[in-house]
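The values are calculated or read from the model by the stated rules, or taken from the named source; none is laboratory data. Keep in mind it's a predicted model, so treat the numbers as computed, not measured. All Cβ positions, even for glycine, are placed from backbone atoms using ideal geometry, and neighbour counts span all protein chains on display.
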Amino acid sequence: MNPKNVPKYIFITGGVVSSLGKGVACSSLGILLKKRGLKVSLQKFDPYLNVDPGTMNPFQHGEVFVLDDGAETDLDLGHYERFLDESLTRDSNVTTGQVYGEVITRERRGDYLGATVQVIPHITDEIKRRIKKLAEKNGDVDVVITEIGGTVGDIEGLPFLESIRQMGLEYGHKNVLYIHLTLVPFIESAGEVKTKPTQHSVKELRGIGIQPDILLCRTPRPLSPEIKNKIGLFCNVPSQSVIQAIDVKSIYQIPLLFHQEGLDELVCQHLDLSCSGLNIKEWEDMMEKIEHPKHEVKIGICGKYTNLKDSYKSIIEAFVHAGVENEARVELEWINSENLVKDKALEYLKELDGILIPGGFGERGIEGKIEAVRFVRENKIPFFGICLGMQCAVIEFARNICGKKGANSTEFDKNTRYPVISLLIEQEKVVYKGATMRLGAYPCILGKESFSFRAYREKEISERHRHRFEFNNNFKESLTKAGLRIAGASPDEKLVEIIEIPNHPWFVGVQFHPELKSRPLRAHPLFREFVKASLNYKTSKKLKTTEEKEPLVKR
Ligand code: GLN
């Protein structure tokens, strides 16, 4: 806890190119400060005009990360929650769309009567209000870390940079810290790393009036003291404040490397934070398990956006966490569901130890997913369906077990005779697309006799949602009679949340997104059990093939 109880502000900007891992850098600093006994809040500014990323497609934006309160946010918020092991609220993701929306509403209300409403001071004041609100709302917060999305030099980022410049002026050097993340590339033909892009990026930042206090230099090669001195000299930063951010295999290594580089100490000194030493043993143990797994398992992810791994960020991370708990390396195999209906592609699924069908929207690739469900159901391969994946499992069951030919979701076939997945009345009335899906945390009651209860070991759970379509209760009776198990439902039993197929090693479909709540030190129970089931399946498969090769009783 810092003594005067004044919140300190850390701003992280990015330079040279995008995708340097600013979100992970913020999260890593966040966990280091938290593990030194400080209360930390994280926030991201996104300079685009959308109010939130919910209306963008995954190719534009990657995954949309949904919070408990239903906010649709940037995928960096996923890193924040995972590293800090805390659930955030909608105040942690601010976009230009929200800021302008608020200022324009106020102008129409007459709040600024008489004034010309301008970027400075009205927009910048609103941005600053949202930074301060995060500190005030969480009461005793010691440090607010704010990431400015985009790259220095982007026109749309200017109001945010101007706002954080003003914050420095308002609160003074001891209370505000600027960190700039840049790239120090290695040029093969010259055989050395180059500092010029960093120099230019810092020059740009200083032109706006911001002198960075610390530079995080993303680089493929270690930075020698000479290089650090050079960067420091040209960028007007002490060389010990030039921190190497070297490329790593696992993002969970980064806090440990930053600590070795002295980042947390530097920040605490600069901001005059009195705090304890670093206690990060658990994290180190986790890293050990990631680096030295005892087992291996191969899981297929059968989706539509398989070329764009950012669309499945939280699922990928959830498998890392589940791997840690099972002491296994989970290898992910990406399968484009559009190819599955062709040829003998389905047979390939036998090579895998488990299949996951993730969430998604739109008709493309659906029939391949439904075929994949049939295949894994019949061949008793562990199956995990998430949101759309669960809906596909229901459709497959209706078609192939209940004989309801042409059963479908009304998302894909409005006139199907058997709309086993359909819209609720509330959703049918929706006209505006933004923020109108079923979003955020909802409670769910588990049935005791289920894979799910065995995983969670509790009766009531809470999980996050993002979808419009639901299991159609008109078909509940016929499907359950044929053997489908409703393993979880809303407390009033109106919404089916989990379906399962008994007499199968592990077959679970969930209407929610469990991946959003998986944390490195607390793997999600369903991911953990799915990986465990896949490991067991792999062992049994091996036993079978060796028995076939060397029969126990000679024939
Ligand atoms: N498209 C489906 C729906 O809207 C599933 C959404 C999802 O998988 N997130 O209900």
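Below is a table of values for the structure above.
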{"read-out": "Residue within the range 391-411 that is out of contact with any strand residue (DSSP E or B) (no Cβ under 8 Å at 6 or more places or on another chain) and within 12 Å of the ligand (Cβ to nearest atom) present", "value": "no"}
{"read-out": "Positions within the range 161-201 being touching a Pro at 6+ places or on another chain (Cβ under 6 Å) and within 19 Å of Thr146 (Cβ to Cβ), in sequence order", "value": "Tyr178, His180"}
{"read-out": "Verdict on Tyr305 being within 14 Å of the ligand (Cβ to nearest atom) and aromatic (Phe, Trp, Tyr)", "value": "yes"}
{"read-out": "Long-range neighbours under 9 Å by Cβ, at least six apart or interchain, first residue over 24 Å from Gly403 (Cα atoms) within the range 417-431, second away from the ligand (no atom under 13 Å from the Cβ)", "value": "Leu424/Lys494"}
{"read-out": "Residue count for the range 418-443, restricted to those that are at pLDDT 95 or above and either away from the ligand (no atom under 16 Å from the Cβ) or of a type in the set (D, E, K, R) (or both)", "value": "2"}
{"read-out": "Cβ pairs under 6 Å, 6+ apart, first in the range 117-137 and within 14 Å of Phe11 (Cβ to Cβ) and modelled with pLDDT of 95 or more, second not in a helix (DSSP H, G or I) and not aliphatic (A, V, I, L, M)", "value": "Ile131/Thr146"}
{"read-out": "Positions within the range 446-470 being surrounded by 15 or more Cβ atoms within 10 Å (Cβ to Cβ) and either part of a loop (DSSP other than H, G, I, E, B) or within 16 Å of the ligand (Cβ to nearest atom) (or both), in sequence order", "value": "Gly447, Ser450, Glu463, Arg464, His465, Arg466, His467, Arg468, Phe469, Glu470"}
{"read-out": "Complete set of residues in the range 347-369 that are within 14 Å of the ligand (Cβ to nearest atom) and not in a loop (DSSP other than H, G, I, E, B)", "value": "Leu356, Ile357, Ile366, Lys369"}
{"read-out": "In the range 49-73, the residues that are touching a Phe, Trp or Tyr at 6+ places or on another chain (Cβ under 8 Å) and either at pLDDT 95 or above or over 29 Å from Lys35 (Cα atoms) (or both)", "value": "Leu49, Pro58, Phe59, Glu72, Thr73"}
{"read-out": "Subset tally (residues that are surrounded by 23 or more Cβ atoms within 10 Å (Cβ to Cβ), out of contact with any helix residue (DSSP H, G or I) (no Cβ under 6 Å at 6 or more places or on another chain) and not acidic (Asp, Glu)) for the range 35-65", "value": "1"}
{"read-out": "Number of positions in the range 247-277 that are within 15 Å of His180 (Cα to Cα) and either aromatic (Phe, Trp, Tyr) or at pLDDT below 95 (or both)", "value": "1"}
{"read-out": "Only one of Val420, Val394 that is crowded, with 20+ Cβ neighbours inside 10 Å and closer than 30 Å to Val297 by Cα", "value": "Val394"}
{"read-out": "Of all residues in the range 141-173 being among the aliphatic types (A, V, I, L, M) and under 25 Å from the mean Cα position of the chain (by Cα), the one that is surrounded by the fewest Cβ atoms within 10 Å (Cβ to Cβ)", "value": "Val141"}
{"read-out": "Residue under evaluation Pro443, criteria (1) over 16 Å from Pro382 (Cβ atoms); (2) outside any helix (DSSP H, G or I); (3) touching a residue at least 60 places away in the same chain (Cβ under 8 Å), criterion not met", "value": "(3)"}
{"read-out": "Answer from Tyr100, Tyr80 - the residue that is in contact with a strand residue (DSSP E or B) (Cβ under 7 Å, 6 or more places away or on another chain), among the aromatic types (Phe, Trp, Tyr) and modelled with pLDDT of 95 or more", "value": "Tyr80"}
{"read-out": "Flag for Glu265 being acidic (Asp, Glu) and either in contact with an Asp or Glu (Cβ under 7 Å, 6 or more places away or on another chain) or over 30 Å from Asp85 (Cα atoms) (or both)", "value": "no"}
{"read-out": "Residue selected from the range 335-360 under the condition among the hydrophobic types (A, V, I, L, M, F, W, C) and touching a residue at least 40 places away in the same chain (Cβ under 8 Å), by the criterion farthest from Phe319 (Cα to Cα)", "value": "Leu349"}
{"read-out": "The range 370-388: number of residues that are part of a helix (DSSP H, G or I) and touching a Gly at 6+ places or on another chain (Cβ under 6 Å)", "value": "1"}
{"read-out": "Only listed residue being free of Cβ contacts under 8 Å to residues at least 40 places away in the same chain, exposed (fewer than 15 other Cβ atoms within 10 Å of the Cβ) and outside any loop (DSSP other than H, G, I, E, B), chosen from Glu226, Glu282", "value": "Glu226"}
